[in-house]
Amino acid sequence: MKNALITFLKKPTTKAGIITAIMFQIIFSLIWMTGYDGAMSADRMKNLKVGIVSLDTQMGSAVAENLQESLPVQTLLIADEATAKTQLNERKLQMVITIPSDFSELVMNPDKIARLHYDINESNAATVKSIMGTIVGNVTSSVNKQAIALGAKNLLGGNDLTEQQVASAADSLSERITSDISYSNPVNGMNNQMLPMMMVLAGYIGAMLLSLNLQQSSMMIGGQLSKWEQFAARGIINIVSSIVVSLVGTSLLVALGGQMEQGFIAVWGFQALFILTFMFVSQLFLMLFGNAGMLLNIMTLSSQLVTSGATLPRELLSDFYHGLGSILPATYAVEGSMNLLYGGPGVGHSSLALLFIMIVTLAAGALAVLLRKVPEREQ
């Protein structure tokens with residue numbers, strides 16, 4: 001047994017496997033702990049945006065001003081509901097608060113209940129719904145206890161009532177505000193909520209392993225093919241593999257009850273696009289640095305899981321990780337997947353970004369091939 005153990009440990013592949021396992025721990029720990037550090041702090045929460053639409057001409061402006069001062073997120077006053085909901089659908093806003101036109105009238109009527117309308121887009125990072133749900137409760141409570149009470153006192157103060165009567169009436173009115181929440185692009189269950197993350201994780205790990213095996217095949221082929229023939233063959237294999245792999249993945253989503261608002265063909269085509277991009281990106285690191293490029297692939301995988309926006313809104317990340325996510329393909333893979341799976345503005349922007357990244361990596365790979373000197377024995 002001792003001899004068998006020593007024999008295994010002498011092999012370079014055994015040592016490489018142990019080192020890779022250790023590097024996974026180091027890289028993931030460093031990136032995830034620094035990437036999510038301070039994500040829920042007050043400073044980062046200010047990066048989330050909530051639109052406020054005031055249709056009430058009496059108390060609406062006062063309520064809106066109170067919300068702008070009290071909410072922990074960035075607020076934008078928007079003139080009409082249509083514009084606000086368009087921005088919400090495009091994820092430029094995380095929520096829209098609408099003060100109805102009859103808000104003041106209902107507040108003043110003791111027999112009526114006034115409502116604040118909240119619109120939340122579920123086609124978003126997994127934590128957006130919970131964060132916005134907390135804010136909804138705080139907003140309604142704030143309006144009840146502050147803005148509405150103050151507005152009621154101001155309106156009732158003009159009548160011939162004693163101060164005690166005014167205060168009593170104001171307290172009664174301040175408890176007559178309720179929340180009316182609407183969810184657009186609903187997500188059906190946690191299994192569907194985690195789909196974008198799963199698609200990115202499975203797609204990039206599969207691309208990494210394919211690229212590693214193609215690298216090993218290239219080394220074994222050696223001088224049997226020219227460096228340009230090998231480069232072209234890799235590209236063709238990547239293209240065919242991305243189509244087949246995405247077909248299998250999309251078919252399994254359908255078979256297992258996955259949510260697809262835009263249909264099978266759209267999801268299959270987009271998944272093929274981002275998996276192909278993953279393949280060319282992961283391949284580039286191996287072409288530049290050989291097997292050591294797998295360390296860069298591990299770093300890229302971990303960084304993409306943090307910065308893609310699949311579980312946490314990118315607005316809550318630090319400037320460094322937010323900027324890093326802008327140049328990594330998983331960000332656009334998640335963005336487009338959410339639009340196709342749950343609903344959204346479309347995948348035009350995401351597809352163009354992925355194509356640009358793919359072209360850049362292909363050009364860099366071609367340049368690496370051009371500059372690589374072929375040993376005489378291979379020539």
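The values are calculated or read from the model by the stated rules, or taken from the named source; none is laboratory data. All values reported here derive from a predicted model rather than from experimental measurement. Virtual Cβ from ideal backbone geometry, glycine too; neighbours counted across all protein chains shown. Ligands, DNA and RNA are stripped out before the accessible areas are found, and what is left, the full protein with its side chains, is counted by its heavy atoms. Shrake-Rupley method; radii C 1.70, N 1.55, O 1.52, S 1.80 Å.
Which value at 222 nm does the chain reach when only helices count, each DSSP H run of 4 or more adding -39,500 (n - 2.57), with the total divided by all residues and rounded to the nearest 500 deg cm²/dmol?
-21000 deg cm²/dmol
Sorted by packing (mean other beta-carbon atoms within 10 Å per residue), highest first, where do 250-257, 135-142, 115-122, 328-335 land?
Highest to lowest by the protection proxy: 328-335, 115-122, 135-142, 250-257.
Over the Cα atoms of region 246-311, compute the convex hull volume and normalise it per residue, giving Å³. Let's see the in-between values first.
Details: hull volume 6.9 nm³, N = 66.
Dividing the Cα hull volume of region 246-311 by its residues yields 105 Å³.
Mean separation of Cα pairs under 8 Å and 6+ residues apart, divided by the residue count of the chain: what relative contact order is that in percent?
With pairs under 8 Å counted, the relative contact order is 19 percent.
Starting from the Cα of Asn138, step 7 Å along the direction of its Cβ; do the same at Phe356; then give the gap between the two resulting points in nm.
Output for this residue pair reads 3.4 nm.
Count the DSSP beta bridges whose two residues both fall in the chain, then state the antiparallel fraction as a percent rounded to the nearest 5.
20
So which lysines can Lys373 reach, going by Cα to Cα under 27 Å and dropping same-chain residues fewer than 8 places off?
Lys227
Work out, step by step, the length gained on full extension between Phe289 and Thr86: first 0.36 nm times the residue separation, then minus their alpha carbon distance; give nm to one decimal.
68.5 nm
Of Arg234, Arg372, which has the most accessible area with a 1.4 Å probe, and how do the rest follow in descending order?
The ordering from most to least exposed comes out as Arg372, Arg234.
Could you work out which residue, out of Tyr342, Tyr183, Tyr321, moves most in a Gaussian network model of the chain, that is, has the largest mean-square fluctuation with Cα springs under 10 Å?
Of Tyr342, Tyr183, Tyr321, the Gaussian network model singles out Tyr183 as fluctuating most.
What full-extension length gain, to one decimal in nm, is calculated for Trp228 and Ala79 as 0.36 nm per residue of separation minus the Cα-Cα distance?
47.8 nm is the gain from fully extending Trp228 to Ala79.
For region 68-120 and region 306-379, what is the separation of their Cα centres, given in Å?
Between the Cα centre of region 68-120 and that of region 306-379, the gap is 36 Å.
At what distance in nm do the modelled label points of Gln25 and Ile181 sit from each other, each positioned 7 Å from its Cα along Cα→Cβ?
Output for this residue pair reads 4.1 nm.
Determine ³J(HN,Hα), in whole Hz, for all residues of region 343-351 in sequence, where each value follows from phi through the Karplus function 6.51 cos²θ - 1.76 cosθ + 1.60 and θ = phi - 60°; x replaces Gly and Pro.
For region 343-351, the Karplus-derived couplings read x, x, x, x, 10, x, 5, 5, 5 Hz, x marking Gly and Pro.
By per-residue mean of other Cβ atoms within 10 Å, what is the highest-first order of 299-310, 11-22? Provide the component values of the computation, followed by the final result.
Details: 299-310: 22.8, 11-22: 10.9.
Averaged packing, sorted descending, gives the order 299-310, 11-22.
Straight-line reach from Lys129: which lysines have Cα under 17 Å away, leaving out those fewer than 8 places along the same chain?
Straight-distance partners of Lys129: Lys46, Lys49, Lys85, Lys92.
Cross-link candidates for Lys145: which lysines have Cα within less than 18 Å, leaving aside residues fewer than 8 places away along the same chain?
Lys112, Lys153
Answer with a single label: of (1) 176; (2) 153; (3) 140, which was calculated as volume of the Cα convex hull per residue in Å³ from the structure in view?
(1)
Which ³J(HN,Hα) values in Hz, rounded to whole numbers, follow from the phi angles of region 212-221 under the Karplus curve 6.51 cos²θ - 1.76 cosθ + 1.60, where θ = phi - 60° and Gly and Pro get x?
Listing the rounded values in order: 5, 5, 5, 5, 5, 4, 4, 5, 6, 5 Hz.
Tell me, what is the percent relative contact order of region 220-379, built from C-alpha pairs under 8 Å that lie six or more residues apart?
Relative contact order, region 220-379: 30 percent.
When the chain is modelled as a GNM with alpha-carbon springs shorter than 10 Å, which of Met190, Met23, Met358 fluctuates the most?
Met190
Taking the chain as a Gaussian network, where each spring joins two C-alpha atoms under 10 Å apart, which residue of Gln74, Gln87, Gln224 fluctuates the most?
In this elastic network of the chain, the residue with the biggest mean-square fluctuation among Gln74, Gln87, Gln224 is Gln224.
Give me the distance in nm between label points sitting 7 Å out from Cα along the Cα-to-Cβ direction at Ala202 and Val248, one decimal.
Roughly 1.0 nm, to one decimal.
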